[in-house]
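Have a look at the structure below before the remarks.
The values are calculated or read from the model by the stated rules, or taken from the named source; none is laboratory data. All values derive from a computational prediction rather than experimental measurement. Ideal geometry is used to build each Cβ from the backbone, glycine not excepted, and the neighbour counts take in all protein chains shown.
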Amino acid sequence: MFNLRTCASKLRPLTASQTIRSLKHNRPAAPRTFQQFRCLSTPVAAEPFLSGTNSNYVEEMYYAWLENPKSVHKSWDIFFRNANAGASPGAAYQSPPSLGSSLSTLTQAQSLLHAQPNVDKLVEDHLAVQSLIRAYQVRGHHIAKLDPLGISSVNFDGAPVIVGSPNMGFYGLQESDLDKVFHLPTTTFIGGNEMALPLREIIRRLENAYCQHIGVEFMFINDLEQCQWIRQKFEAPGIMQFNNEEKRTLLARLVRSTRFEEFLHRKWSSEKRFGLEGCEVLIPALKTIIDKSSGNGVDYVIMGMPHRGRLNVLANVIRKELEQIFCQFDSKLEATDEGSGDVKYHLGMYHRRINRVTDRNITLSLVANPSHLEAADPVVQGKTKAEQFYCGDTEGKKVMAILLHGDAAFAGQGIVYETFHLSDLPSHTTHGTVHVVVNNQIGFTTDPRMARSSPYPTDVARVVNAPIFHVNADDPEAVMYVCNVAAEWRSTFHKDVVVDLVCYRRNGHNEMDEPMFTQPLMYKQIRKQKAVLQKYAETLISQGVVNQLEYEEEISKYDKICEEAFARSKDEKILHIKHWLDSPWPGFFTLDGQPRSMTCPSTGLTEEDLTHIGNVASSVPVEDFMIHGGLSRILKGRGEMVKNRTVDWALAEYMALGSLLKEGIHIRLSGQDVERGTFSHRHHVLHDQNVDKRTCIPMNHLWPNQAPYTVCNSSLSEYGVLGFELGFAMASPNALVLWEAQFGDFHNTAQCIIDQFVCPGQAKWVRQNGIVLLLPHGMEGMGPEHSSARPERFLQMCNDDPDVWPKASEDFAVGQLYDCNWIVVNCSTPANFFHVIRRQILLPFRKPLIVFTPKSLLRHPEARSSFDDMLPSTHFQRIIPEAGPASQNPEGVKRLIFCTGKVYYELTKERSGRDMEGDVAIARVEQLSPFPFDLVEKEVQKYPNADLVWCQEEHKNQGYYDYVKPRLRTTIHRTKPVWYAGRDPAAAPATGNKKTHLTELRRFLDTAFNLDAFKGHF
């Protein structure tokens, strides 16, 4: 009778405005809390209502009544009024008026007490029924028949099962109440058009809705509209109905899913394929989600999934040519395309086709994925966000993501949690993802009781109020219904939703594995289990939907398709990995129909553009915008630099990014605190000091018709956010996507993305990617966690050969870049950073760029560059050679020191202090990988009498030494030794003691400039 919409919002003390509204109803001032009300009400008469389970519902009605007395039954209105007025024990309870009568005075109400002495029992019974209904909604899934094997080990921590007719007594209801008619609350739809039902029928309908093959978790959602929507989808009578045509389509899809796996098993019984046996319903489930979404306007679906079932999804959902799949099983298949390739169940695919159900075009992309489970989750989200961005889909109505998960990984992998927490962030939301969990009820060999602490593997989704639909995978029609609801939920609310397909894994982890070793009882049951296709076919035959002959013809038809594709697959002698691209870039690699030239134009800019960008960077292009006083000084300082034709690091970055916006390149910079910059140097987003949430991004005010600039602080995540930005960068080559770590070494929690996607992505999946990683690096005496971006790790993973001089090409530098797996730089000047960022887009291909960015150099007075170093005809300098007195008399130079990064400034300061400018030359290696053999050779030849030293501030077993030394020796044909000056080997990246830090610095500087230090130690 009461309105739960009102109640749900009132489970808290009244605010001042609510108290005022309460007084407008001309009743005495109400107690501010329900606890205060209980103290005022009669302790004896009220006890049946105000204790135990009922208390919550009385509390809801009480707060609803405070807002609107008409929202509750009249008897409750009288009771609350009397109790608030301090009525004596027993007097607060009054019976309700008869239909059509009016109750104008308290005396009239009291007179009804004698006419209907059992009103308290009547109200209590109705309240008990409401409690029962709510219990089914909250806990009905506890007793739903979800497990096809009937051995579910879901553990609810011993919580009592208090739903179902045997437990009516818990609510004060008896067997004699089963035929009584009860009024239905507005929070249930089981009545359809009926307002009241016998208790027996209420229980029957609730059990049909919540306790059969579908279990619904949604009552934790704090939005009434969403809860009501879900209730209607599962409670309304007769809603789960399919016509004969839909059933025949479902059967045909099950035939394809099942027979595909059986065909692979027959042809390649000893090959791993990570088949779908035990969850064949996944294929029709995915197709249902796609069909429903397509009908709702979606025309691009981006999917991510683990290896289990991938070949089946490629064949029967994406519609990859079967012969391209089958030929992958041929051990004699040759690989001629670039890269090392990957196993068949890791590959992705992109395909545009007609959806035959909706007769609309649909593009499907399945993102390639390594064996690192769930690693593709944020990548898929980032790619989805990018596709939405480029097509102007601000609400997610055209582009959507579907993520498939395994049950053990969904519960066990932290990246799932990180990705969920991106789902509603303004710069990362994809407006709802449909998550499908293939719940095998087992990990590799691990029982769920040992693999997770939560009852369900899907409980992590509750953190973002995503509804969770558990469904028995051996009931195909229930699965289809749930998938339809999930797709409709996503279309309606643009929120995440989870479909938990409770199934089993018929074989072991792979087809050669023996699961009986560790799960004997489960697999004894599985061996007896009839396949879902057989069970569903028997059901439809018994219903007369199809006959046996039609069923057998459907099987024969698909078997023939497979056999014909198998015959064609034998003609495939070469594996063309490009057929498996998940993110093609049409038109990018050609120009006027011809391959693009392997050259790079100048990355410089005109003086006019540099000045214009600098002026905008030092101003506030919005009127009446109050910025912080400290920021005013920073902007003023930028303006002075522009007048003096110089730039620091922040201004150089501003000019590089701003110039690309003019050229139509969308730029996205993401990471923790990147809007301001960890070291308060960037300030790309200005905040009005007087108006909350009023911001300004000056870079979006540079040019008319410029590309947009997106700069966004991310959640405190590296793994999830880097994966997201990598996925965003996959979508288009004509965008610059940068991710900045708060400190460089924080990338270690994103190591999986770096190791599995960024470093080998092109080799494994022919997927070029131009993402830029900005990693603050430098030994500043700040301790081991804020010093090193671990350059040794990135350099170890570079694919250039230290013993081989690179082959000649049209442009030696660009040719090297094309052959490498990624580019690693440590710029020592703002101008060089400016050039390397612009080069990233002007190259005719895309490679990941790793930049070890500075900290102290952000404000170092010598770390400045002139406009002259950034004008047309200038380029990125892979090496910055010695330009001081030593270069004027190269024969007299006794030592040539190679270094990289900020240690250069410490070396020059030390050299000046020792008055050794003519004796020691210092060359900066700005691009470490690919190694600049040609320029290093040129520099060595210039100083024929000099010893060669590699100097670094990092420890000897870290940093660049192990990478640089063999390449230096190859350059000089091993004619000289290469000496080391730097810190001694250590386990930690840096000391946490300031004095020790300075002692180490002094020691290696002494070594670098002691011309006799290395004699006799070759």
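From the list Arg568, Arg527, Arg505, Arg490, the one residue that fits, being in the same structural domain as Asp407 (by TED's automatic domain parsing), at pLDDT below 95 and crowded, with 19+ Cβ neighbours inside 10 Å, is Arg505. Do you know which residues across the range 580-639 are aromatic (Phe, Trp, Tyr) and either in a strand (DSSP E or B) or within 18 Å of Met699 (Cβ to Cβ) (or both)? Phe625 - this is the single residue of the range 580-639 that is aromatic (Phe, Trp, Tyr) and either in a strand (DSSP E or B) or within 18 Å of Met699 (Cβ to Cβ) (or both). Considering the range 441-478 alone, what residues qualify as being closer than 19 Å to Asp496 by Cβ, touching a strand residue (DSSP E or B) at 6+ places or on another chain (Cβ under 7 Å) and among the hydrophobic types (A, V, I, L, M, F, W, C)? Across the range 441-478, the qualifying residues are Ala461, Ala466, Ile468, Phe469, Val471.
State whether the residues of the range 672-684 include one that is over 21 Å from Cys712 (Cβ atoms), surrounded by fewer than 18 Cβ atoms within 10 Å (Cβ to Cβ) and more than 27 Å from the chain's Cα centre (by Cα). No, the conditions are met nowhere in the range 672-684. Beta carbons closer than 6 Å, at least 6 apart along the sequence or on distinct chains, pair a first residue in the range 480-504 that is of a type in the set (D, E, K, R) with a second that is outside any loop (DSSP other than H, G, I, E, B) and crowded, with 24+ Cβ neighbours inside 10 Å for Arg490/Val434; Arg490/Val497; Asp496/Thr433; Asp500/Val437; Asp500/Asn439; Asp500/His470. Candidates Tyr905, Tyr943, Tyr980: the one that is touching a His at 6+ places or on another chain (Cβ under 7 Å) and not assigned by TED's automatic domain parsing to the domain that holds Lys855 is Tyr905.
Screening the candidates Leu795, Leu738, Leu817 for the property of being on the phi < 0 side of the Ramachandran plot and not in a helix (DSSP H, G or I) yields one hit, Leu738. Among the residues of the range 370-417, write down those that are assigned to a loop (DSSP other than H, G, I, E, B), out of contact with any His (no Cβ under 9 Å at 6 or more places or on another chain) and surrounded by fewer than 22 Cβ atoms within 10 Å (Cβ to Cβ). Once the filter is applied, which keeps residues that are assigned to a loop (DSSP other than H, G, I, E, B), out of contact with any His (no Cβ under 9 Å at 6 or more places or on another chain) and surrounded by fewer than 22 Cβ atoms within 10 Å (Cβ to Cβ), the range 370-417 yields His372, Cys391, Gly392, Lys398. Look at (1) touching a Pro at 6+ places or on another chain (Cβ under 6 Å); (2) surrounded by fewer than 21 Cβ atoms within 10 Å (Cβ to Cβ) and you find that Asp474 fails only one, number (2). One residue stands out in the range 244-279 among those that are outside any helix (DSSP H, G or I) and within 31 Å of the chain's Cα centre (by Cα): the one that is surrounded by the fewest Cβ atoms within 10 Å (Cβ to Cβ), namely Lys272. Check whether at least one residue in the range 795-814 is under 25 Å from His955 (Cβ atoms) and surrounded by 20 or more Cβ atoms within 10 Å (Cβ to Cβ), and report yes or no. Scanning the range 795-814 turns up at least one residue that is under 25 Å from His955 (Cβ atoms) and surrounded by 20 or more Cβ atoms within 10 Å (Cβ to Cβ). Looking across the range 698-732, the residues that are assigned to a strand (DSSP E or B), of a type outside the set (Val, Ile, Thr) and closer than 30 Å to Leu373 by Cα come down to Cys712, Asn713. Taken as a whole, the range 280-295 holds at least one residue that is over 24 Å from the mean Cα position of the chain (by Cα) and surrounded by fewer than 19 Cβ atoms within 10 Å (Cβ to Cβ). Of all residues in the range 942-992, those being part of a loop (DSSP other than H, G, I, E, B) and within 43 Å of the chain's Cα centre (by Cα) number 14.
Residues that are in the same structural domain as His687 (by TED's automatic domain parsing), in contact with an Asp or Glu (Cβ under 7 Å, 6 or more places away or on another chain) and either farther than 23 Å from Asp868 by Cα or of a type outside the set (S, T, N, Q) (or both) do occur in the range 627-647. Only one entry in Glu271, Glu217 is touching a residue at least 12 places away in the same chain (Cβ under 8 Å), in the same structural domain as Val499 (by TED's automatic domain parsing) and acidic (Asp, Glu), namely Glu271. For Pro802, are the conditions met, namely being outside any helix (DSSP H, G or I), at pLDDT below 95 and under 24 Å from Ile841 (Cβ atoms)? The answer is no for Pro802.
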